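Trainee: Have a look at the structure that comes next, please.
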Amino acid sequence: MSDIKVLCVENHPECMDALTYMLKAAGYEVMPATTGHQALHLLTTLDIDGVLLEYDLPDATGSSVREEMKRIKPDVPVLLFSGIGSQTPFLLRFFDVYLRNTERPEAVFEDLDA
């Protein structure tokens, strides 16, 4: 069992349920957030090892949330998780990793177990 805490930021309940299930099945502890504001609050108050961040949030863009996250905790990896394929080169300027929503999100954090 992993001690890695993943902040999962997703505003669609069905996607959050699927992501949470996959990450927990892989042994990660999941901290869910549905807005940018909530995600920043959790990042500030909890010991988070990695962030899985949806780009389109109801109160902010993923890039603005990521910018604030990096200001608060610059060493925590922030991974974009989205189906926005056409903007990938543009979005990668703002994120550590881009993960299409058809990929296994739990695999991204496997390197953190070491």
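The values are calculated or read from the model by the stated rules, or taken from the named source; none is laboratory data. Keep in mind that this is a model prediction, so the values were computed, not measured. Backbone-built Cβ (ideal geometry, glycine too); neighbour counts: all protein chains shown.
Trainee: Quick check on my filter: what residues within region 1-51 are under 16 Å from Val76 (Cα atoms) and modelled with pLDDT under 90?
Mentor: Matches in region 1-51: Asp3 only.
Trainee: Follow-up. Considering only residues that are in a loop (DSSP other than H, G, I, E, B) and in contact with a helix residue (DSSP H, G or I) (Cβ under 6 Å, 6 or more places away or on another chain), which ones fall in region 19-53?
Mentor: Ala26, Asp49
Trainee: A further question on this structure: Kindly indicate whether any position in region 51-60 is aromatic (Phe, Trp, Tyr) and out of contact with any Ser or Thr (no Cβ under 9 Å at 6 or more places or on another chain).
Mentor: Within region 51-60, not a single residue is aromatic (Phe, Trp, Tyr) and out of contact with any Ser or Thr (no Cβ under 9 Å at 6 or more places or on another chain).
Trainee: Could you grab me the full set of residues in region 54-86 that are modelled with pLDDT of 90 or more and either in a strand (DSSP E or B) or aliphatic (A, V, I, L, M) (or both)?
Mentor: Leu57, Ala60, Val65, Met69, Ile72, Val76, listed by residue number.
Trainee: Based on what the data block shows, is Gly27 of a type outside the set (Asp, Glu), surrounded by 19 or more Cβ atoms within 10 Å (Cβ to Cβ) and touching a residue at least 12 places away in the same chain (Cβ under 8 Å)?
Mentor: Considered against the rule, which asks whether it is of a type outside the set (Asp, Glu), surrounded by 19 or more Cβ atoms within 10 Å (Cβ to Cβ) and touching a residue at least 12 places away in the same chain (Cβ under 8 Å), Gly27 comes out as no.
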